[in-house]
Amino acid sequence: MNKKTSNGPIKLGIIAGGQLGKMLALAASNWGIETIVMDDDKDCPAAQSCSVHIFGSRLSYEDIISFADNVDLIVCEIEHVNVEALQFLKKSGVPIFPDPDILTCIQDKGLQKDFYKKENIPTSAYHKFENSDSLKQAIDKGLITYPFVQKLCKGGYDGNGVSVINSVKDLDKLFTEPSIVEDKVDILKEISVIVARNKNEEVKCFPVTEMEISEHSNLMEKLICPANLPEKILIQAEEIAIKLIEKFNMVGLLAVEMFVDKDQNLWLNEIAPRPHNSGHHTMDSVITSQYEQLLRAVLNYPLGSVSINKPSVMLNILGSEGFTGIARYEGLEECMGIDGVKVHLYGKKETRPNRKMGHLTILGNDLADALKKADQIKGKLRVVS
Ligand code: ADP
């Protein structure tokens, strides 16, 4: 059990104070948990909702070690953190979620793919390359054929670090750093399953959610929940998510992103061991939000119900093109005036093109209703400066 036995509130340390950290701190405050967030930006979103903001870098060994003095347990809201520091703290008995060994695997897309292969989880065929020269040689020898997708092993996020190479004309888009190259999947839909597991080994999956990714920005634009797919695929997707969290022996939340191809096969794309933007809607449309579920998991409480209150569509609120500076929101009132629309703003002072500034959850009586309202709203809310 990780429940605190000494007097006073639990002190939950959150590494990084982006929007996910902010929403986690909000959920924790519902239970009187004290939240101590470490981030190197004094204006980070979580600074507005946490009990204490400690200035420090998630990539600094020393910052993480001294941060731990102030907390009972640590949760990471991002995987790009200094794992060596977390390994040291783990040995000293600090409860850390996710376990640093899991972070080591997930920080490297090559290791992630090796893990899927070892566990027989369907994922597109892949090869690893140290640099673009060795990749070009493999192409010349016919070992790699078009189209393919190149991904940086380390440091990618939101589609940065992913290059789709359709033909020889795209070769100037190759990354030079260590990468994996995988077969391009003929995608019908992209989906996500967020699964939670506590120390008592209780496991629950949030309903399968469709993700629409913008070809232009590579960012997720829309979520649709529940996913409109045959029951057989939904069950398979949940089975894959459960197998993964169990094989990792993980306590916490695991977001599992998959592709459904045009022949209705499932392919695992990637995983994130934390709250995820594919779970934004859970705050409004599911009985338990992903943040509350994470708290239940790491404190070893019974997991909450994952039943849907109402079908929903989530739209990301991104900084509009052509505007950089102090953020202003146009069309907010109009959106709020539509029945079933919930607005979440992350409180970022400055906008820039495609910066994630907030999200809208649109609840409907049925999915068609939610989708119709989402179509009405799309483009109405603009973040300008
Ligand atoms: P990130 O970790 O930066 O989010 P992803 O691995 O999720 O990167 O890739 C970003 C997007 O690129 C995916 O959402 C998908 O649209 C596309 N993509 C990634 N891998 C493949 C693939 N093997 N086949 C086809 N499209 C892919």
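The values are calculated or read from the model by the stated rules, or taken from the named source; none is laboratory data. This is a predicted model, so every value here is computed, not measured. We place every Cβ from the backbone using ideal geometry, glycine too, and count neighbours over all the protein chains shown. With ligands, DNA and RNA removed, areas are computed over all heavy atoms of the protein, side chains included. Shrake-Rupley method; radii C 1.70, N 1.55, O 1.52, S 1.80 Å.
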query: With every protein chain in place, what's the accessible area of ASP41 (1.4 Å probe, Å², nearest 10)?
result: 70
- line: Given backbone amide H placed at 1.01 Å from N, residues whose amide H is under 5 Å from that of ILE317, ignoring those fewer than 5 places away on the same chain, are MET357, GLY358, HIS359, LEU360
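Relative contact order (percent) for the chain, with alpha-carbon contacts under 8 angstrom and 6 or more residues of separation? Don't jump to the answer; show the numbers that get you there.
On the way: 847 pairs, mean separation 50.2, N = 385.
Here the relative contact order equals 13 percent.
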- line: The answer for the chain, accessible area per residue at 1.4 Å probe in Å², is 44
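Run through segment 47-111 and list the chymotrypsin sites (Phe, Trp or Tyr not before Pro) located in a DSSP loop whose Cβ has at most 10 other Cβ atoms within 10 Å.
On the way: sites: PHE55, TYR61, PHE67, PHE88; in loops: none.
Sites meeting the loop and neighbour criteria: none at all.
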task: Take the solvent-accessible surface of the protein heavy atoms, probe 1.4 Å, and return the percent of it on segment 75-171 that carbon and sulfur atoms account for.
output: 53
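If I take R0 = 45 Å and measure r between the Cβ atoms of LEU171 and ASN7 in this structure, what FRET efficiency does the formula 1/(1 + (r/R0)^6) give, to the nearest 0.05?
Working: r = 63 Å, r/R0 = 1.40.
Plugging the Cβ-Cβ distance into 1/(1 + (r/R0)^6) gives 0.10.
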- line: Once amide hydrogens are built 1.01 Å from N within the peptide plane, the residues lying 5 or more places from ILE54 or on another chain with amide H under 5 Å from its amide H are VAL37, MET38, ASP39
statement: The simple spin-label model distance between LYS118 and ASP339, using points 7 Å out along Cα→Cβ, in nm, is 5.4
task: Only bridges with both residues in the chain count here: give the DSSP antiparallel percent, nearest 5.
output: 80
query: Once you put a point 7 Å from the Cα of SER60 and another 7 Å from the Cα of THR145, both along the Cβ direction, what distance in nm separates them?
result: 5.2
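Hey, which of these cross-link pairs are over 21 Å Cα-Cα: LYS136/LYS173; LYS117/LYS247; LYS117/LYS199; LYS204/LYS232?
Numbers: LYS136/LYS173 12 Å; LYS117/LYS247 12 Å; LYS117/LYS199 26 Å; LYS204/LYS232 18 Å.
Violating the 21 Å limit, Cα to Cα: LYS117/LYS199.
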Normalised contact order of segment 1-77, rounded percent, pairs of Cα under 8 Å and 6 or more residues apart: 37
